[in-house]
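Enquirer: One structure is given below, represented as structure tokens, and several questions about it will come after.
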Ligand SMILES: NC(=O)c1ccc[n+]([C@@H]2O[C@H](COP(=O)([O-])OP(=O)(O)OC[C@H]3O[C@@H](n4cnc5c(N)ncnc54)[C@H](O)[C@@H]3O)[C@@H](O)[C@H]2O)c1
């Protein structure tokens, strides 16, 4: 009888959220990470990132013994199903970095060497088509001396959870995609059936290539939807009397389009969309096809944050020496993650123009301090950030900023110029009382 029902290798944002939720759903879970400091912190229920709802679950499952963590990867041999959830960041050219996957596979292979029970290796990391069978399987065969299909099996099982709602997404997934040989997909499906019971969503079992491509097609489509609405927003900004909020509402009611991901803003960031779209582009190019929609998606996205800086210039002229207050730094609300956050581009552009940058974020100040290294002033609250500012830019739509009223900006700022980069504020109310501009908002005539 194996000691654990599953092992999760890589306790970053996805691995830890998934492992804790699996344990909450009744599985006996082993979590492994090479980072010993992280293991020591997780053991105490301490998180190195912010994710709503995760901490209490983690504390509970560690305490009741359903979740055990270790830096000893060899322990994975005690679990029949081993999830790989290590990072697959972008290389310089945008293609997928596979070194974490390769080393984790080698270590897992060494861990299951000599074992006489069958292990299923499940690749949950986002990997380009071929990752499971051409990267992971050969490394495990080499390190374990076992043969794929006999001593061990492999599946691709891409993850779709969203930062900020990782718990809800893991406890109630929309669908589960599994790519592998029938024996392996059935083994993983049985695990999911056991933990989700009646709540098991639709499970699509296919081959690894399709499963891997589904993840890239999914993220490229969502990113494209964002760039699409941002492109229409840019037209609205030139077209008097137009408003992207109304346009998005109008088209979102068409069932074929739907309202999700139709919110215009300063572009997408985070650890997934930019890297996955870029990896998809590079992967397609290697196949001999240049994917024009994916390329345009990135092109629109790269310019969106700079458009906020241009709006500030339109209002203030030369930005040199001007105090610009940024509200929000995280790539989206409810996270402290700043990987590929648009705030980084905005800060870079403002500093290039010699503006004085002040910023606030409810959760990401520590992350920001490491990124900006003293080049901007980080403020503990929004009001301190706005004090004496020449212009404010709303970068991340945290709910706490929604309670700010025009009178707050007027009272605190030297010059009440506000650029709403996420359409958080009521455009009519704010335009009446402030010098206001917003993404996708045409001028009034
Ligand atoms: N972040 C998201 O919202 C999200 C959503 C869906 C899918 N994904 C995908 O999930 C994967 C993981 O993403 P993440 O954001 O959790 O990454 P991350 O960088 O936060 O975490 C990766 C973890 O793996 C550990 N690690 C690296 N090599 C290891 C090894 N050999 N053995 C054990 N541990 C090792 C690292 O120490 C780190 O803790 C990526 O492929 C990503 O694209 C991410």
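Enquirer: Given labels modelled 7 Å from the Cα in the Cβ direction, how far is it in nm from residue 255 to residue 400?
Expert: Here the modelled spin labels are 4.2 nm apart.
Enquirer: Restricting the count to DSSP beta bridges whose residues both fall in the stretch 6-202, what percent are antiparallel, rounded to a multiple of 5?
Expert: Around 10 percent of the beta bridges assigned by DSSP in the stretch 6-202 are antiparallel ones.
Enquirer: With 41 Å as the cut-off, how large is the P(r) tail for the chain, expressed as percent of Cα-Cα pairs? Before the final figure, lay out the partial values.
Expert: Numbers: 22997 of 98790 pairs.
Tail of the P(r) past 41 Å holds 23 percent of the pairs.
Enquirer: Determine which residues of the stretch 352-382 fall in the zone a paramagnetic label at residue 388 would reach in this model, i.e. backbone nitrogen under 19 Å from the point 7 Å along Cα→Cβ.
Expert: Only 354-360, 375-382 fall inside the zone, counting backbone N under 19 Å.
Enquirer: Which whole-number value in Å³ per residue fits the convex hull of the alpha carbons of the stretch 147-190?
Expert: 82
Enquirer: A further question on this structure: Where in the stretch 90-130 does the label zone of residue 150 land, with the point 7 angstrom along Cα→C-beta and an amide N cut-off under 18 Å?
Expert: From the stretch 90-130, the list is 109-110, 112-121.
Enquirer: Can you tell me which of 373, 303, 174 moves the most in a GNM of the chain? Springs connect C-alpha atoms under 10 Å apart.
Expert: Checking each option, the largest mean-square fluctuation is seen for 373.
Enquirer: Decide, for the stretch 351-445, between rounded, prolate and oblate: order the square roots of the alpha carbon gyration tensor eigenvalues as a ≥ b ≥ c, take rounded if a/c falls under 1.5, and otherwise choose prolate if a/b is larger than b/c, else oblate.
Expert: Prolate, because a/c is 1.5 or more and a/b exceeds b/c.
Enquirer: Still on this model: How long is the gain from residue 377 to residue 435 if the chain were fully straight, where each residue apart is worth 0.36 nm and the alpha carbon distance is subtracted?
Expert: So the chain would gain 18.5 nm between residue 377 and residue 435.
Enquirer: Just report the Cα centroid separation between the stretch 280-299 and the stretch 155-223, whole Å.
Expert: Here the answer is 25 Å between Cα centres.
Enquirer: Between residue 183 and residue 103, take the C-beta separation as r, use R0 = 25 Å, and let me know the FRET efficiency to the nearest 0.05.
Expert: 0.40
Enquirer: Going by the alpha-carbon gyration tensor, a ≥ b ≥ c the square roots of its eigenvalues, is the stretch 6-202 rounded (a/c under 1.5) or, if a/c is not under 1.5, prolate (a/b greater than b/c) versus oblate?
Expert: rounded
Enquirer: Got a sec? How would 97, 282 order by Cβ neighbour count within 10 Å, fewest to most? Don't skip to the end; give the middle numbers.
Expert: Values: 97 15, 282 18.
Ascending Cβ contact count within 10 Å gives the list 97, 282.
Enquirer: Run through the DSSP bridge list for the chain and note the antiparallel percent, rounded to the nearest 5.
Expert: Antiparallel bridges: around 10 percent, rounded to the nearest 5.
Enquirer: For a test of the definition: using alpha carbon positions, the gyration tensor, and the 1.5 limit on a/c, classify the stretch 295-409 as rounded, prolate or oblate.
Expert: Rounded, because the longest to shortest axis ratio a/c is under 1.5.
Enquirer: Right, another one. Going highest first, how would you order 48-54, 111-117 by mean Cβ packing within 10 Å?
Expert: Ranking, from highest mean packing down: 48-54, 111-117.
Enquirer: List 44, 332 from most exposed to least, where exposure is judged by having the fewest other Cβ atoms within 10 Å. Don't jump to the answer; show the numbers that get you there.
Expert: Values: 44 9, 332 20.
With the fewest neighbours first, 44, 332 line up as 44, 332.
Enquirer: Quick check on the chain: helices-only [θ] at 222 nm, where DSSP H runs of length 4 and up contribute -39,500 (n - 2.57) each and the sum goes over total residues. Nearest 500, please.
Expert: -13500 deg cm²/dmol
Enquirer: Could you give the nm distance between label points at residue 49 and residue 35, where each point is 7 Å from its Cα heading toward the beta carbon?
Expert: Each label point is offset 7 Å from its Cα along the Cβ direction, giving 0.9 nm.
None of the figures in this text is laboratory data; all of them are computed from the coordinates on show. Because the structure is a prediction, the values reported are computed rather than measured. Every residue, glycine among them, receives a Cβ derived from its backbone with ideal geometry; neighbour counts consider all protein chains shown.
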